[in-house]
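Visitor: Quick one: this structure, given as structure tokens, is what I'll be asking you about.
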Amino acid sequence: MCTLALKKIVAPVIFIAVTFTVNAQKSTSQKVDSLLQLMTLAEKTGQMNQYSSDFTATGPVTKDGDKQNQIRKGMIGSFLNVTGAAKTKSLQEIALQSRLKIPLLFGQDVIHGYRTVFPIPLAEAASWDMAAIERSARIAATEVSAAGVHWTFAPMVDIGRDPRWGRVMEGAGEDTYLGSMIATARIKGFQGKGIGNTDAVMATAKHFAAYGAAVGGRDYNSVDMSLRQLHEIYLPPFKAAADAGVATFMNSFNDLNGIPATGNAYLQRDILKNQWKFNGFVVSDWGSVGEMINHGYAKDNYEAAMLAANAGSDMDMESRAYIKHLPQLVKDGKVKMSVVDDAVRRILQKKFELGLFDDPYKFCNEASEKQQWNNAAHLEAEKDMARKSIVLLKNSPLTPKGGKTAAALLPVSKEIKSIALIGPLIKSVKDHLGFWSYDWEDDTARIPSLYDVIKKRLNSDESLFYAKGCEVADTSTAGFAEAIEATKKADVVIMYFGEDRMMTGEAKSKSNIHLPGVQEDLIKAIHATGKPVIVLIGAGRPLIFNWTADNVPAILYTWWLGTKGAEAIADVLFGDYNPSGKLPMSFPRSEGQIPVYYNYYSTGRPAANENDNNYVSAYLDIPNSPKFSFGHGLSYSNFQYSNVSVNTTVPSGNQNLIASINITNNSTFNGEEVVQLYIRDMVGSVVRPVKELKGFQKIFIKAGETKTVNFTITTAQLKFYNDKLQHIWEPGDFEIMIGGSSNNVKTVKIKWNK
Ligand code: GLC
């Protein structure tokens with residue numbers, strides 16, 4: 001064989017061997033640095049540029065040039081809203097035609113499931129079941145990674161104390177401790193055994209930060225708060241996310257204390273990257289870089305790009321400010337090359353960790369996509385999560401007839417032979433999916449309505465009557481007569497009201513959060529027939545329904561429960577599942593009461609009771625307490641708490657305090673209970689809340705059984721941010737409270753010494 005031919009064979013072999021050896025020896029960060037050295041400034045800027053596909057948009061779309069050509073020129077580093085093994089492969093193939101063959105990142109809003117839609121996050125939070133929440137995210141990651149996606153823009157970890165803000169549906173409610181636990185569970189679920197596994201996706205802690213505190217609950221509105229409140233209430237779930245190894249952060253649309261989060265170096269550099277040592281990257285929210293012009297913080301996109309890049313926003317989603325202006329900003333000395341290099345390094349690091357340089361198509365596997373498409377185990381897990389998310393708000397025995405108090409209406413008695421189903425959600429299908437969910441052609445075939453499910457459960461000797469009665473939001477009462485007629489024929493009435501799936505979510509803030517339309521008028525009309533009434537309320541946020549809450553004996557809050565939601569509701573209605581959900585948010589009596597939350601400060605003139613309004617901090621027209629409290633949720637069991645105790649009433653220093661309580665299930669139903677631990681610091685160097693959730697345990701107790709629950713308390717759980725922003729605990733008097741709701745606890749007093 002001639003020398004030349006030999007060279008042709010040997011040379012590539014040497015090249016591959018050398019490359020492989022070098023690569024094999026190089027750490028990921030060394031590989032990143034080697035690649036970075038080869039990149040032009042234009043190519044670096046391209047990695048910091050993310051576009052939405054033209055297939056679907058989740059924000060205001062800008063139509064511009066040929067994106068495929070931009071990919072070829074290395075001007076796009078990532079897409080969102082591109083899903084499907086085939087679609088992502090097609091764009092990845094184009095990316096590999098670019099000079100340096102840097103693969104694209106595909107991100108997607110998988111907020112509560114992909115093909116299998118799970119309960120909305122606020123509903124899942126009501127389960128207080130971290131394992132179930134983690135499994136929900138795990139399944140979502142398995143399904144969407146099989147569809148070619150590397151990255152989900154979830155979990156949303158914004159604390160939400162204001163139900164006028166439609167995005168409370170995406171979060172974990174009002175509490176910092178519960179929100180931190182849930183953030184951790186979701187990130188573990190999404191990222192699984194680590195990014196790079198083909199069933200794992202990068203998670204995103206969003207929206208950084210304090211987006212849920214928008215003034216007036218109006219989406220995208222300003223946020224202004226003390227740094228103490230920011231660190232005490234709003235940042236801990238983000239810190240928990242960083243500690244859980246979340247791969248990315250997304251900043252928020254709001255300005256915080258006068259500086260838009262996207263241009264906020266205090267948030268993104270001082271806290272996130274320097275103090276918390278976060279080594280992932282920050283993606284802007286949709287167009288938020290350019291929106292700093294609207295904020296009046298940047299005079300044009302050139303300045304917006306400068307402010308955002310220097311403040312630590314690494315990737316620009318959809319504003320085009322980076323791709324258009326970063327190179328010039330570097331040339332003008334307004335943005336240092338080191339700032340660009342740091343951002344690009346963080347982005348490339350994740351692409352290497354995902355394994356995209358080894359195999360850019362590793363997530364584009366149509367066979368595994370098909371395999372995950374109708375996964376029965378996923379649907380079963382979804383139904384389980386849905387059942388655990390339902391909250392039994394009320395289940396009072398019917399008014400005693402002839403002195404004998406009738407049993408509570410729920411679960412529906414086996415003696416019932418005819419049921420009337422009334423309300424605009426009874427035959428709903430898509431509304432079970434909630435906001436931030438995906439529509440599939442076969443949805444109506446695979447998602448049963450509550451009507452379908454109950455009809456299937458009835459025996460031949462049982463009858464079902466139905467009337468819609470009214471629409472979700474219109475004012476017509478024309479359907480009332482038919483609904484009343486249907487009611488009169490039945491032994492019991494099940495009414496299903498609330499919101500349609502587009503009424504709560506992003507850009508869905510409302511000044512009026514009462515049950516929409518004439519729904520409560522219909523409840524009153526049906527209640528007036530004297531028939532026993534059960535009301536279900538499906539919504540993405542806490543709603544106001546005071547008359548119903550006061551007059552209807554049985555109420556279930558069913559949120560939006562996902563693909564198998566109707567089946568889960570029926571399981572609870574008929575006693576196949578004993579409800580165990582607890583509210584993750586306080587339910588206000590009126591919009592005028594908002595924000596109402598359980599961990600409030602005492603004030604100098606605390607109201608002594610519900611009706612105290614003499615020179616105290618109270619309203620003249622309503623009690624201070626919410627209609628339903630944080631942590632509230634009933635069961636078919638009757639859990640009785642007794643004998644709260646501590647191993648010592650005078651712990652000192654770093655000694656562990658053990659608090660215990662007995663819970664008896666005084667009923668014939670086995671059931672689960674979320675036992676909650678609250679602590680009050682009676683006197684502090686700053687005022688302290690009347691109680692704070694510091695622990696919880698969801699336990700199963702058999703009918704008639706008594707269990708003892710123990711909580712170990714350390715000084716870590718006493719810490720707070722003082723007026724110097726130091727995270728400290730202070731010795732003194734505390735109240736340890738344990739119960740089944742924030743407004744129903746047993747208390748023991750202790751003195752914690754230095
Ligand atoms: C939206 C949302 C954000 C989402 C992003 C991409 O405006 O604020 O949560 O991840 O844009 O869809």
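Visitor: Identify, by number, the condition in (1) in contact with a helix residue (DSSP H, G or I) (Cβ under 9 Å, 6 or more places away or on another chain); (2) assigned to a helix (DSSP H, G or I) that TYR297 doesn't meet.
Guide: With respect to (1) in contact with a helix residue (DSSP H, G or I) (Cβ under 9 Å, 6 or more places away or on another chain); (2) assigned to a helix (DSSP H, G or I), TYR297 is out only on (2).
Visitor: I'd like to verify a number: residues in the stretch 241-269 that are more than 15 Å from the ligand (Cβ to nearest atom), open to solvent by less than 10 Å² (accessible area, probe 1.4 Å) and among the hydrophobic types (A, V, I, L, M, F, W, C), how many?
Guide: Of the residues in the stretch 241-269, 2 are more than 15 Å from the ligand (Cβ to nearest atom), open to solvent by less than 10 Å² (accessible area, probe 1.4 Å) and among the hydrophobic types (A, V, I, L, M, F, W, C).
Visitor: Can I ask one more? Give the residues of the stretch 173-189 that are open to solvent by 10 Å² or more (accessible area, probe 1.4 Å) and either within 16 Å of the ligand (Cβ to nearest atom) or not assigned by TED's automatic domain parsing to the domain that holds PHE118 (or both), sorted by residue number. Step through it out loud before you land on a result.
Guide: Kept after step one, since they are open to solvent by 10 Å² or more (accessible area, probe 1.4 Å), are these residues of the stretch 173-189: 176-177, 180-181, 184, 186, 188.
ARG186 - this is the single residue of the stretch 173-189 that is open to solvent by 10 Å² or more (accessible area, probe 1.4 Å) and either within 16 Å of the ligand (Cβ to nearest atom) or not assigned by TED's automatic domain parsing to the domain that holds PHE118 (or both).
Visitor: So is ILE728 closer than 29 Å to ILE390 by Cα and not assigned by TED's automatic domain parsing to the domain that holds SER580 or not?
Guide: no
Visitor: Can you pull out every residue in the stretch 106-151 that is surrounded by fewer than 24 Cβ atoms within 10 Å (Cβ to Cβ) and either within 16 Å of the ligand (Cβ to nearest atom) or under 26 Å from PHE587 (Cβ atoms) (or both)?
Guide: If the condition is that a residue be surrounded by fewer than 24 Cβ atoms within 10 Å (Cβ to Cβ) and either within 16 Å of the ligand (Cβ to nearest atom) or under 26 Å from PHE587 (Cβ atoms) (or both), then ASP109, ASP129, MET130, ALA132 are the ones that fit.
Visitor: If you don't mind, another one. Any idea which of (1) in contact (Cβ under 8 Å) with a residue 40 or more places away in the chain; (2) out of contact with any Asp or Glu (no Cβ under 9 Å at 6 or more places or on another chain); (3) within 25 Å of ALA304 (Cα to Cα) is the one GLU232 doesn't satisfy?
Guide: Of (1) in contact (Cβ under 8 Å) with a residue 40 or more places away in the chain; (2) out of contact with any Asp or Glu (no Cβ under 9 Å at 6 or more places or on another chain); (3) within 25 Å of ALA304 (Cα to Cα), only one is false for GLU232: (3).
Visitor: A further question follows. For the stretch 666-719, which positions are open to solvent by 60 Å² or more (accessible area, probe 1.4 Å), of a type in the set (Ser, Thr, Tyr) and not in a strand (DSSP E or B)?
Guide: THR668, SER685
Visitor: Also, I was wondering about something else. Please verify whether the stretch 220-228 includes one or more residues that are within 15 Å of the ligand (Cβ to nearest atom), open to solvent by 10 Å² or more (accessible area, probe 1.4 Å) and either in the same structural domain as TRP151 (by TED's automatic domain parsing) or outside any helix (DSSP H, G or I) (or both).
Guide: yes
Visitor: Out of curiosity, is GLY604 modelled with pLDDT of 95 or more and open to solvent by 10 Å² or more (accessible area, probe 1.4 Å)?
Guide: Criteria met by GLY604.
A quick yes/no check of all residues on (1) crowded, with 18+ Cβ neighbours inside 10 Å; (2) in contact with a Pro (Cβ under 9 Å, 6 or more places away or on another chain); (3) modelled with pLDDT of 95 or more:
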site	(1), (2), (3)
MET292	yes, yes, yes
TYR297	yes, yes, yes
TYR302	no, no, yes
GLY312	yes, no, yes
LEU326	yes, no, yes
ASP332	no, no, yes
GLN372	yes, no, no
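Visitor: Moving to a separate point now. Which of (1) modelled with pLDDT of 95 or more; (2) open to solvent by less than 10 Å² (accessible area, probe 1.4 Å); (3) farther than 22 Å from LEU634 by Cα does ASP443 not meet, given it meets every other one?
Guide: The one condition ASP443 does not meet is (1).
Visitor: Which strands (runs of 3 or more DSSP E) sit wholly inside the stretch 456-566 and have at least 2 residues that are open to solvent by 20 Å² or more (accessible area, probe 1.4 Å)?
Guide: Values: elements: 463-467, 492-498, 533-538, 554-557.
Strands (runs of 3 or more DSSP E) meeting the threshold: 463-467.
Visitor: Follow-up question, since we're still on this one. Of a type in the set (D, E, K, R), in the same structural domain as MET502 (by TED's automatic domain parsing) and open to solvent by 20 Å² or more (accessible area, probe 1.4 Å): which single residue out of ASP576, ASP571 fits that description?
Guide: ASP576
Visitor: Kindly evaluate ASP384 against the criterion of being surrounded by fewer than 21 Cβ atoms within 10 Å (Cβ to Cβ) and over 30 Å from ILE94 (Cα atoms).
Guide: Answer is yes for this residue.
Visitor: Within the stretch 235-264, track down each residue that is part of a loop (DSSP other than H, G, I, E, B) and hydrophobic (A, V, I, L, M, F, W, C).
Guide: Step one: list which residues in the stretch 235-264 are part of a loop (DSSP other than H, G, I, E, B), which gives 235, 244-247, 252-254, 257-258, 264.
Within the stretch 235-264, LEU235, ALA244, VAL246, ALA247, PHE253 qualify.
Visitor: Quick one: in the stretch 352-385, of everything that is touching a residue at least 40 places away in the same chain (Cβ under 8 Å) and farther than 27 Å from SER136 by Cβ, which residue is nearest to the chain's Cα centre (by Cα)?
Guide: PHE352
Visitor: While we're looking at this one, here's another question. Which one is farthest from ASP342 (Cα to Cα), of the residues in the stretch 270-286 that are within 15 Å of the ligand (Cβ to nearest atom) and either open to solvent by 10 Å² or more (accessible area, probe 1.4 Å) or in contact with a Phe, Trp or Tyr (Cβ under 7 Å, 6 or more places away or on another chain) (or both)?
Guide: Within the stretch 270-286, the match that is farthest from ASP342 (Cα to Cα) is TRP286.
Visitor: Related question: Testing ILE102 on (1) under 21 Å from SER284 (Cβ atoms); (2) open to solvent by less than 10 Å² (accessible area, probe 1.4 Å); (3) not basic (Lys, Arg), one condition comes back false. Which one is that?
Guide: All conditions are met except number (2).
Visitor: Now for a separate question. Going by the conditions given, is ASN638 of a type outside the set (Phe, Trp, Tyr), open to solvent by 30 Å² or more (accessible area, probe 1.4 Å) and within 32 Å of the chain's Cα centre (by Cα)? Write out each step before concluding.
Guide: Details: of a type outside the set (Phe, Trp, Tyr): yes; open to solvent by 30 Å² or more (accessible area, probe 1.4 Å): yes; within 32 Å of the chain's Cα centre (by Cα): yes.
Criteria met by ASN638.
Visitor: Within the stretch 198-219, which residues are in a helix (DSSP H, G or I) and either more than 14 Å from the ligand (Cβ to nearest atom) or open to solvent by 10 Å² or more (accessible area, probe 1.4 Å) (or both)?
Guide: Residues satisfying the conditions are ALA213, VAL215, GLY216, GLY217.
Visitor: If the requirement is being open to solvent by 30 Å² or more (accessible area, probe 1.4 Å) and touching a residue at least 60 places away in the same chain (Cβ under 8 Å), which of these qualifies: MET306, MET337?
Guide: MET337
Visitor: Also, I was wondering about something else. Considering every residue within the stretch 202-212, establish whether at least one is within 24 Å of SER741 (Cα to Cα) and either modelled with pLDDT of 95 or more or in contact with an Asp or Glu (Cβ under 7 Å, 6 or more places away or on another chain) (or both).
Guide: Checked against the condition, which is being within 24 Å of SER741 (Cα to Cα) and either modelled with pLDDT of 95 or more or in contact with an Asp or Glu (Cβ under 7 Å, 6 or more places away or on another chain) (or both), the stretch 202-212 yields at least one hit.
Visitor: Using the structure shown, decide if THR603 is more than 26 Å from GLY179 (Cα to Cα), more than 24 Å from the chain's Cα centre (by Cα) and among the polar types (S, T, N, Q).
Guide: Spelling it out, it is not the case that THR603 is more than 26 Å from GLY179 (Cα to Cα), more than 24 Å from the chain's Cα centre (by Cα) and among the polar types (S, T, N, Q).
Visitor: Next up: Looking at ARG589, is it among the charged types (D, E, K, R), in contact with a Lys or Arg (Cβ under 6 Å, 6 or more places away or on another chain) and not in a helix (DSSP H, G or I)?
Guide: Against the criterion (among the charged types (D, E, K, R), in contact with a Lys or Arg (Cβ under 6 Å, 6 or more places away or on another chain) and not in a helix (DSSP H, G or I)), ARG589 qualifies.
Visitor: Also, I was wondering about something else. Go through ASN654, ASN614, ASN643 for me and flag whichever is more than 18 Å from ASN743 (Cβ to Cβ), polar (S, T, N, Q) and in a strand (DSSP E or B).
Guide: Result of the check over ASN654, ASN614, ASN643: ASN643.
Visitor: With the structure loaded, tell me whether ARG167 is assigned to a helix (DSSP H, G or I) and either away from the ligand (no atom under 14 Å from the Cβ) or open to solvent by 10 Å² or more (accessible area, probe 1.4 Å) (or both) or whether it fails that test.
Guide: no
Visitor: Ok, one more. Residue pairs, Cβ under 9 Å, 6 or more apart or interchain, first in the stretch 425-441 and on the phi > 0 side of the Ramachandran plot and touching a residue at least 24 places away in the same chain (Cβ under 8 Å), second among the charged types (D, E, K, R) and open to solvent by less than 20 Å² (accessible area, probe 1.4 Å). List them.
Guide: Pairs that qualify, where the first residue is on the phi > 0 side of the Ramachandran plot and touching a residue at least 24 places away in the same chain (Cβ under 8 Å) and the partner is among the charged types (D, E, K, R) and open to solvent by less than 20 Å² (accessible area, probe 1.4 Å), are TRP436/ASP109; TRP436/GLU170.
The values are calculated or read from the model by the stated rules, or taken from the named source; none is laboratory data. All figures in this text were calculated on a predicted structure; none of them were measured in a lab. In this analysis, Cβ positions are derived from the backbone assuming ideal geometry, glycine residues included, and neighbour counts consider all displayed protein chains. Remember, those area values only see protein heavy atoms, side chains included, never the ligands or the DNA or RNA. Shrake-Rupley method; radii C 1.70, N 1.55, O 1.52, S 1.80 Å.
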